[in-house]
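Below is one structure; the comments refer to it alone.
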Amino acid sequence: MGYTLVYTQVLEFLPYLIKGAWISLQIAILAFSGGMFFGLILATIRTFGNNISNKIVICYVTFFTNTPQLVQIYFLFFALPEFGILLSPYIAVLLGMTLNAAAYLCEIQRAGFLSIRQNELDAAKTLNFSLMQQVKYVILPHIMKVLFPPLSNHYIIMTLGTSMAAIFGVEELTGRAFNINSETFRSVEIFSITALIYIVITFIATFLLAVIGRYFFKAKIRIIQ
Amino acid sequence: MPQIEIKSANAFYDKLHVLKNIELSVDRGEIVSLIGPSGSGKSSLLKMLVGLLIPKSGDVYLNKTLVNFNNQSDLRVIREQIAIVFQQYNLFQNMNVLKNVSIAPTKIQKRNPKEVNDQALFLLEKVGLKDKLESYPDELSGGQQQRVAIARALCLNPEILLLDEITSALDPELVKEVLDSIRLLAAEGMTMLIVSHEMSFVREVSSRVVFMDDGSIIEVNNPKNIFESPKEKRTLDFVGKILKDK
Ligand SMILES: Nc1ncnc2c1ncn2[C@@H]1O[C@H](COP(=O)(O)OP(=O)(O)OP(=O)(O)O)[C@@H](O)[C@H]1O
Ligand SMILES: [Mg+2]
């Protein structure tokens, strides 16, 4: 083999990589938040909507959960210009990931809606809880607990998925790792450090999500699963 | 003076006509028991009184005041006076036992937290759950959950108590204890509507017994008559069968 690990040279690039991680994090947070919001609307339609609106949402979800994310972004990036819509790589990736996330997060949030226990709401009503108090004391803590594991899972998948942006030339973490690699050829060091940074950012995110659920919504969430 | 008065009330679950022409009045301090076969509408009648099942026609009066079930402030008023123990307990799964009992008195009735806490502890001790204060409902047996639900209702200091099958999940020893507390409350003059299959208890404690079948009230009578010489054949069949099964 004869490969000796030399981290010193690569460590010089650490600030450069961390700036890339910041961009990855941005894409993940923006796409996740957008997906949560759009997904919430879809889930509401799916739960309370009429037949036609339901079918439209089902088509949307089926389409986005049954085609590769990469193809979806390729479409936005390469096919939309044919219709005169030009997106920058960053925007194409962000939009693609948001639309994709909306489909998955719609399903996850819908499961949360369906898991609300009518029994508990009945009790809350007869105890004279106002609608806001029902949401605060009964609905949110329950939903947060049910939704926390699948949501944080999906968030992690999305964070890791942001590495796809490198294909389109966005200089996020993976893109930058690739750049350094073609300059220094220290592949083992570069990609091991890159992997480590991904672990750190996903772990921080899971932890933050759990803290929010636990202390703001009083949900019984175990932080270390 | 009737504290609750129901006049030809009809209620539906979608197309299911679940309460048919219900006529019933309950005096202050009275204990009225509801008996009848499964699915006859006993729970539904209790739910109507707390506004979880809105009557489509007919009138309900509470303390001589007509209740408008579509008016939020009317609903608030009846729910301030009436507490219900549900057949399925309906505890808050994300709150421990103590919190289940104390949340409404503190957050809704806005009573002094210390005083509420003392009362909650007293009630939970009375129902034998002093060592389960920190437990969550899913860590409790059915009978234990049922007792939490009873404590939760009592901690509201209601004027009227609706009890739906509160002994169904209890073992005989506990049944005796819970029924003793009910007797005590009765002696203090609380008005109660009790759904029960516990015929000996019904017979002993009730001032009147209502027999329901298929959404209608078939017969209202005093306990002695209902069990020994009912007016209606359907009552006789039901009572005869249930006493024979014992
Ligand atoms: N939420 C609901 N939606 C639709 N139908 C319901 C609902 N709750 C009860 N029903 C129906 O209404 C009828 C009366 O039910 P209810 O629970 O009042 O009976 P019950 O006399 O309390 O019976 P049990 O002794 O088994 O508790 C039944 O036919 C039941 O299937
Ligand atoms: Mg019932």
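Quick rundown of the values:
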| quantity | calculated |
| --- | --- |
| Residues located in region B:159-168, provided they are more than 16 Å from ligand 1 (Cβ to nearest atom) and open to solvent by 10 Å² or more (accessible area, probe 1.4 Å) | B:GLU159 |
| Which listed residue is among the aliphatic types (A, V, I, L, M), more than 9 Å from chain A (Cβ to nearest Cβ) and assigned to a helix (DSSP H, G or I), from B:LEU53, B:LEU34, B:LEU46, B:LEU24 | B:LEU46 |
| Residues of region A:109-120 classified as more than 14 Å from chain B (Cβ to nearest Cβ) and farther than 11 Å from A:LEU42 by Cβ, total | 3 |
| Residue in region A:117-140 that is loosely packed, with under 14 Cβ neighbours inside 10 Å and under 22 Å from the mean Cα position of the chain (by Cα) present | no |
| Those residues of region A:9-51 which are touching a residue at least 40 places away in the same chain (Cβ under 8 Å) and outside any helix (DSSP H, G or I), in sequence order | A:PHE13 |
| For B:LYS176: the one exception among (1) of a type outside the set (Asp, Glu); (2) more than 16 Å from ligand 1 (Cβ to nearest atom); (3) open to solvent by less than 20 Å² (accessible area, probe 1.4 Å) | (3) |
| Within region A:141-168, considering residues that are out of contact with any Ser or Thr (no Cβ under 8 Å at 6 or more places or on another chain) and open to solvent by less than 30 Å² (accessible area, probe 1.4 Å), the one nearest to B:ASN96 (Cα to Cα) | A:PRO141 |
| Of all residues making up region B:38-51, the number that are at negative phi and away from ligand 2 (no atom under 13 Å from the Cβ) | 2 |
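Every residue, every condition in (1) of a type in the set (Ser, Thr, Tyr); (2) open to solvent by less than 60 Å² (accessible area, probe 1.4 Å); (3) more than 16 Å from ligand 1 (Cβ to nearest atom), yes or no:
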site: B:LYS42; (1), (2), (3): no, yes, no
site: B:LEU46; (1), (2), (3): no, yes, no
site: B:GLY51; (1), (2), (3): no, yes, no
site: B:TYR61; (1), (2), (3): yes, yes, yes
site: B:GLU80; (1), (2), (3): no, no, yes
site: B:ASN94; (1), (2), (3): no, yes, yes
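The rows are residues; the columns are (1) within 16 Å of ligand 2 (Cβ to nearest atom); (2) open to solvent by 70 Å² or more (accessible area, probe 1.4 Å); (3) touching a residue at least 12 places away in the same chain (Cβ under 8 Å).
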{"position": "B:GLU5", "(1), (2), (3)": "no, no, yes"}
{"position": "B:LYS15", "(1), (2), (3)": "no, yes, no"}
{"position": "B:LEU19", "(1), (2), (3)": "yes, no, yes"}
{"position": "B:GLY36", "(1), (2), (3)": "yes, no, yes"}
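The values are calculated or read from the model by the stated rules, or taken from the named source; none is laboratory data. The structure presented is a predicted model; accordingly, all values stated were derived computationally and were not measured. Cβ sites come from the backbone with ideal geometry, for glycine too, and all protein chains shown count toward neighbours. For the accessible areas, the whole protein counts, side chains as well, though only heavy atoms, and no ligand, DNA or RNA atoms are used. Shrake-Rupley method; radii C 1.70, N 1.55, O 1.52, S 1.80 Å.
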